[in-house]
Every structure is written in C-alpha cells, then in structure tokens.
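Please treat every number below as a calculation from the coordinates, not as lab data. Given the structure is predicted, the values throughout are model-derived calculations rather than measurements. Using ideal geometry, Cβ is built from the backbone for each residue, glycine included, and neighbour counts are taken over all protein chains shown.
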Amino acid sequence: MQRYKHIYGPVLSRRLGRSLGIDVIPFKTCTYDCVYCLLGRTTRHTMDVKEYVSCEDILEELHSKLREDKPDAISFAGSGEPTLNSRLGDIIHEIKKMTDVPVVIFTNSSLLWMPEVRARLREADIISPSLDAALPDSAQVVNRLVQGLEYEQIYQGLQTFCAGFSGRIWLEILFAAGLNDSDRDVDALVQAVRGLENIECIQLNTVVRPPAEKYVGALSRERLEAIARRLPGRVEIIASFFGDSTGGHSNRQVTPEEICDLIERHPSTLEGVAEGLDISVEHARPIVEKLVARGDILSTDCDGKTFFVVRNPS
C-alpha cells in the first residue's frame, strides 16, 4: 500500500463516518499553543499565512487515494492550523471538481478576521471552528495565542464568518478542568454563542488524550452535561470517554503504516486505534505490539490509560 505524505486514513469518525484527513501544515505549526494539544507543544508559533505545503502535491496524492477508496468525508485538521496555508481555497476548489465527497475544515478560528481567509473557506461543506473561552484571560491560559493576536479580534472574525458562510457550522468548545470551566467562563461562553449566527450545533469536548501540559485534566461527563444544559441551541458531547467503545468491527486488513499515520495525528489507546481504523482490538494488538518492539511508536500513560505516540513525527 502506498504511504502518503499529506493524506492519512480514512479513519472512523463519530461525526463524519470514514474521514480522509489532509494535512496542509507542517507538524506543530500553529497560531495557538494549546495546553491540551494531543500533539504536544507548538514548535512553530506563527500567524504568517503562506503555502507551507504544495497544493499540487496534495492534489496529486488525493487523486491517487480516491482511485483506491471513496471516504464519507475529506477533512482538514492534522498537525497544525489549516487556515495558515495560503492555497487552502485552491485545494478546496480542486477537490470539489474531483469528487462529491463533503469537505470539512477544522479550524481554531484565529484567522477568520482576515477577509482572504474567510474567502478561502467559502466552498467547504462543513466548518468546525473552535471557541474554547470567551474571557480574554482564559483564552490566553488555554490557547496561548501567538503574539499579535487578541481574543476580541478572533471573536469578531468568528462572528463575521458565521454570518456570511452558507454551509454548515459546527462550533466546538473544549474544556480543561480548572482552566476554562468556571461558572464565569461558562456564562461568558453562553453570551458569546448567542452572538453567533447560523450555528447548526455546538460540540463539547474535553481532554481525553495525553495533553501538551501534564497539569491539564478532563471534565467529567456529568459536568459536560451540566454545561450543555446552559448553552443555547443543539448541543452534543463528542468527548470519547474511556469505555465508550471497544473498537471497530470490519474484517479489512490494515498495515503498520496506516496505524502510524493515525497515531501521528491522534495519539490513541489500543481501543482508539481499533475504533479509528474500524478493526477489532484483536486485529490491532499484534501490529501495535510489533511497532512498539521496533521502536516506531512509544507508549505513555494518561489518567490511568495507555496511549501510543509516534517516536519521530514527520
């Protein structure tokens, strides 16, 4: 099986079905340095928008991949903030000519105040912007904004984007215990969400994989449910709590490379690997054990669970 540089999956997503991921930014290049990031600390903290990854290379890989398989969605997330790539709009435009598979963008919302960034997203089918805090101090503590970005600027850009985007908008809020989940924080988020138009749903998340900073912890399901009752509109809890799943159920064969691609973007438990690739835990276990023995992946503990991470991310 061909190993791709900019494409990974498809992986099984609770929100999107079989989602084919596209990485348009080098590893850990971001406008934020979120304390909860499952990929670790940001190593290139920037708001410089440019063609970090070749548009033509991405489209060539995608064309080849779509000849092998048709996923349920094509999603942009991966290793950094996708809106930093100045050719993102061109990539989306060419994908829409290539396939009818829905295009989904996961963004931290930080650059939506730029008209050119909003324009690049107009052909996407679903945008999932994030808003982890509505108090400037909390936003800085949780997201650690790059120098030159201000919370008010980001929120106003999100407001403008939501008012003008014709596709579907899924707003994601990730809570970290003791950092952005106080009653004052939640009250501010309620008011901020009420100021956003065209939100199809609000999706609540918390820390379920090893975070960049060891002091960051998760909220309980009960606390998330209490917050959900306070927010307006349709609210979903998307956090994957331990024990929620026992893996996938298909009989397809997966390669060690596919598992490495998944773990590189999403450090996972053995059950998470199985669920993400829609295979049984029994199928995943010997491949994961072999990768650990070879030193390709490492194990780490988080909240009593064993997660696997890639030794040397690309």
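Backbone amide hydrogens, once placed in the peptide plane, bring residue 172 within less than 5 Å of 130, 131, 203, excluding anything fewer than 5 places away on its chain.
For the peptides 75-87, 30-42, the ranking by mean Cβ contacts within 10 Å, running from highest to lowest, is 75-87, 30-42. What does the C-alpha gyration tensor say about the overall shape of the chain? Classify as rounded when a/c is under 1.5, otherwise prolate if a/b is larger than b/c, or oblate. The shape class here is oblate. Charges were assigned to the Cβ only: +1 to each Lys and Arg, -1 to each Asp and Glu. The resulting dipole of the stretch 92-242 about its Cα centre is roughly 220 debye. Where both bridge residues fall in the chain, DSSP classifies roughly 30% of the beta bridges as antiparallel.
Checked against a 23 Å cut-off, the cross-linked pairs 70/305; 5/96; 65/97 give Cα-Cα distances beyond that limit for 70/305. A Förster radius of 41 Å combined with the Cβ-Cβ distance from residue 294 to residue 177 puts the calculated FRET efficiency at roughly 0.70. Each principal axis of the stretch 156-207 carries a Cα extent, and these read 36, 20, 15 Å when sorted largest first. For the peptides 175-182, 124-131, 43-50, the ranking by mean Cβ contacts within 10 Å, running from highest to lowest, is 124-131, 175-182, 43-50. Partner lysines whose Cα lies under 17 Å from the Cα of residue 50, excluding those fewer than 8 positions away in the same chain, are identified as 28.
Here the spin labels are modelled as points 7 Å beyond Cα on the Cα-Cβ line, and at residue 140 and residue 90 they lie 3.8 nm apart.
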